[in-house]
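Here the structure is laid out as structure tokens; the discussion comes afterwards.
The values are calculated or read from the model by the stated rules, or taken from the named source; none is laboratory data. Since this is a predicted model, take the numbers as computed values, not measurements. Don't worry about glycine lacking a Cβ; one is built from the backbone with ideal geometry, like all the others, and counts go over all protein chains shown. Ligands, DNA and RNA are stripped out before the accessible areas are found, and what is left, the full protein with its side chains, is counted by its heavy atoms. Shrake-Rupley method; radii C 1.70, N 1.55, O 1.52, S 1.80 Å.
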Amino acid sequence: MIKVLIADDSALMRKTLKSILETDAEMDVVAVARDGNDVVEKAREHRPDVITMDVNMPGQDGITALQYIVHEKICPVIMVSSLTQEGAVTTFEALELGAFDFIGKPGGTVSSDMNSVAGELINKIKLAASIKQNGKAAERLYRSRNKPELKLKAPRSGKITKAVAMGISTGGPKVIYEVLPLLPPDINAALFLVQHMPANFTTTYVRRLNESCQLEVVEAQAGMKAEKGILYVGSGGRHLNLVKSSGGDVLIRLSSKPDHLFIPSVSVMMDSVLKIYGSRTVGVIMTGMGNDGADSMVNIRRAGGITIAESEESAIVFGMPGEAIKHGGAEIVAPIWDIAREIIKAVDR
């Protein structure tokens, strides 16, 4: 059984979440908490496997409570956040502080529509519970990220030599900071990143990345010209595609098709990058559940490109990189702390 502690200041939300979790025979809601102080006390008492934590609570809020739980390494925490700009800012702060993942409340702060994300919530709780048993992966969550000293963003000129297509999902918003800030601003490649997340979270995510990176980081917009030294991040709810103009420029196109479990999809982005850049493509798959991008990594490698997958040693969730490795799509397998170095080597090769 997976022992779950629910923290939310709304009695309705506590009842709704408890009802959802109790539909699964593997879930045992051991306690509910109404605020930050309450959840920390009950976490210490019940030692749950996973906590679902509301972000906004009276008194001690979810962010403060999270820091106590992370510091004491009690268990993984899934933040339950409103799908708003304010909710996005707080959620990314929580993820960077060590939260495992988040679920968005479809209807706002108090949502009666949580059943629409019930399956996602249950799956993430099960995944978080499995992470608790994996000491190395859990340590990745609890470890604070270090911000490198930033250099000035370099001016860009000259022809793009290569393209780097990166995919990441669960666990990504925290560990991506062990990769992107280490890439130099004069890297001779255009870079593309898909991180699975809700549409209205992307802008905040990109802004935070840009503040921490030597590269310029932008949210991909239709019509943008791909330039070297810029990282283009796929917008939530739209696939990131590339096309070549009649003048030879590579341009970004956004679409909601094809239908896919994830939009944006790593596979769709990687296949599009490969179509334009061919053997000059560098594919990178990092932590995440499922298999998005695995087949595309195989395609990149077969086309003569270079492929890099995060190793099980460091992956918070080994699903996506594990599938890429299993299917022969990873020429290089490396822990997250070596991924940036491998990307630089691949671009310079």
Please report the base-10 log of the normalised intensity I(q)/I(0) for the range 37-108, using a Debye sum with one equal scatterer per alpha carbon and no solvent, at each q in 0.14 (1/Å). -0.37
Partners for residue 162 among aspartates and glutamates (Cα-Cα distance below 16 Å; same-chain residues under 8 apart left out): 186, 227, 249, 271, 342, 348
Would you mind telling me which residue in 11, 324, 220 has the biggest mean-square fluctuation in a Gaussian network model of the chain, where springs connect alpha carbons within a distance under 10 angstrom? 11
Antiparallel as a % of all DSSP beta bridges within the chain, to the nearest 5? 15
Relative to the longest principal axis of the chain, what angle (0 to 90°, nearest 10) does the C-alpha long axis of helix 85-97 take? 90
Indicate the gyration tensor shape class of the range 162-271 (rounded, prolate or oblate), computed on the Cα atoms with a ≥ b ≥ c the square roots of the eigenvalues: a/c under 1.5 is rounded; otherwise a/b larger than b/c is prolate and the rest oblate. oblate
Quarter of the Cα convex hull surface for the chain, i.e. its orientation-mean projected area (nm²): 16.6
Leaving out ligands, DNA and RNA, what percent of the accessible area of the range 231-349 is carbon and sulfur, probe 1.4 Å? 48
re the range 216-304: pairs of Cα atoms spaced beyond 20 Å account for a percent value of 34
Helix 266-277 against the longest principal axis of the chain: what's the angle in degrees, Cα atoms only, rounded to the nearest 10? 10
Accessible surface, per residue, of the range 291-349 when the full set of protein chains is kept, probe 1.4 Å, Å²: 41
Once you have the Cα-Cα distance between residue 295 and residue 199, take 0.36 nm times their residue separation minus that, and quote the gain in nm to one decimal. 32.1 nm
Report, by chain and number, residues whose modeled amide H sits under 5 Å from the one on residue 307, excluding near sequence neighbours (fewer than 5 apart, same chain). 283, 331, 332
I need the semi-axes of the equivalent ellipsoid of the range 244-283: take the C-alpha gyration tensor, multiply each eigenvalue by 5, square-root it, list largest first in whole angstrom. 20, 14, 6
As I understand it, the dipole of the chain uses +1 on the Cβ of Lys and Arg and -1 on the Cβ of Asp and Glu, about the Cα centre. Which of 12, 325, 172 lies farthest toward its positive end? 325
Against the 2.2 N^0.38 Å rule of thumb, the C-alpha Rg of the range 1-81 sits at a ratio of 0.97
Using only Cα atoms, tell me the angle between helix 118-133 and the longest principal axis of the chain; keep it within 0 to 90° and round to the nearest 10. 90
Quick check: the distance between the Cα centres of the range 316-349 and the range 33-95, to the nearest angstrom? 32
Could you give each residue of the range 66-81 its phi-based ³J(HN,Hα) in whole Hz, using Karplus coefficients 6.51, -1.76, 1.60 with θ = phi - 60°, and x for Gly or Pro? 4, 5, 5, 5, 5, 4, 8, 6, 6, 5, x, 10, 10, 7, 10, 10
Can you list which of the GluC sites (Glu not before Pro) found in the range 1-76 are DSSP loop residues with at most 14 other C-beta atoms within 10 Å? 22, 26, 72
Could you derive backbone 3J(HN,Hα) for the range 280-286 from the dihedral phi with the Karplus parameters 6.51, -1.76 and 1.60 (θ = phi - 60°), listing whole Hz in sequence and x where the residue is Gly or Pro? 8, 8, 10, x, 9, 10, 10
Report, in debye and to the nearest 20, how large the dipole of the chain comes out about its Cα centre when Lys and Arg carry +1 and Asp and Glu carry -1 on their Cβ. 1140
